[in-house]
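The structure appears below as structure tokens.
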């Protein structure tokens with residue numbers, strides 16, 4: 001497996017993705033097949049970012065290597081190896097497909113495990129999806145169904161062949177008749 005820019009193939013194939021961004025980044029946006037096993041936790045990322053702004057890239061890299069070393073590094077490597085055992089066809093990425101994903105890949109390679117990268121990372125995959133959505137909105141017929149609460153919109157959507165129930169996909173519970181016991185996700 002080699003690094004890829006085949007974003008359509010990744011999404012259409014439900015390819016397992018190893019997201020090495022910090023948890024705070026993952027919480028702001030993630031893909032359905034992604035698992036978050038970060039190189040740096042939120043605090044470490046924050047500290048490395050400050051070092052980068054104050055002293056430059058090499059100082060930030062040095063701090064990152066200091067913060068993630070010894071047992072902590074081994075624990076993260078173990079988690080990544082376990083993920084790879086469960087998903088041998090997976091790919092890894094960080095925000096831009098840069099230093100964090102390349103560092104993770106290099107550490108894994110040193111441990112005898114090769115996981116290919118998504119070139120451009122989260123940012124490129126997100127841009128791809130937004131561009132495809134924009135293209136499809138211009139070229140595919142679309143109908144938006146709206147109406148008052150309780151008028152049967154969901155029942156109608158369920159009968160249509162090519163319908164997408166956005167509220168259902170989001171497990172939305174805003175309707176007076178559609179409350180979900182688990183709460184609003």
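Any read-out appearing in this document is the output of simple, stated calculations on the displayed coordinates, not a laboratory observation. Values in this document were obtained by computation on a predicted structure and should not be read as measured data. For neighbour counting, all protein chains shown are included, and Cβ atoms are generated from backbone atoms with ideal geometry for every residue, glycine included.
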Would you compute, from DSSP H runs of 4+ residues alone, the mean residue ellipticity of the chain at 222 nm, taking -39500 (n - 2.57) per run and dividing by the full residue count, rounded to the nearest 500?
-> -15500 deg cm²/dmol
In whole percent, what relative contact order does the range 88-173 give with Cα contacts below 8 Å and a gap of six or more residues?
-> 22 percent
Say R0 is 35 Å: what FRET efficiency, to the nearest 0.05, do residue 73 and residue 167 get from their beta-carbon distance?
-> 0.20
Quick note, the range 1-108: a/c under 1.5 would make it rounded; otherwise a/b > b/c is prolate and the rest oblate (a ≥ b ≥ c, C-alpha gyration tensor); here it is prolate
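How high is the relative contact order of the chain? Use alpha-carbon pairs under 8 Å, at least six apart in sequence, and give a whole percent. Spell out each step's value before the answer.
On the way: 196 pairs, mean separation 36.1, N = 185.
Relative CO of the chain lands at 19 percent.
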Taking 6, 162 and counting other C-beta atoms within 10 Å, the order from fewest to most = 162, 6
Any chance you could get the radius of gyration and Dmax over the Cα atoms of the chain, in Å?
-> 20.6, 61
Please arrange 48, 144 by counting, for each residue, the other beta carbons lying within 10 Å of its beta carbon, fewest first.
-> 144, 48
Neighbour-count ranking for 146, 69 (other C-beta within 10 angstrom, fewest to most) reads 146, 69
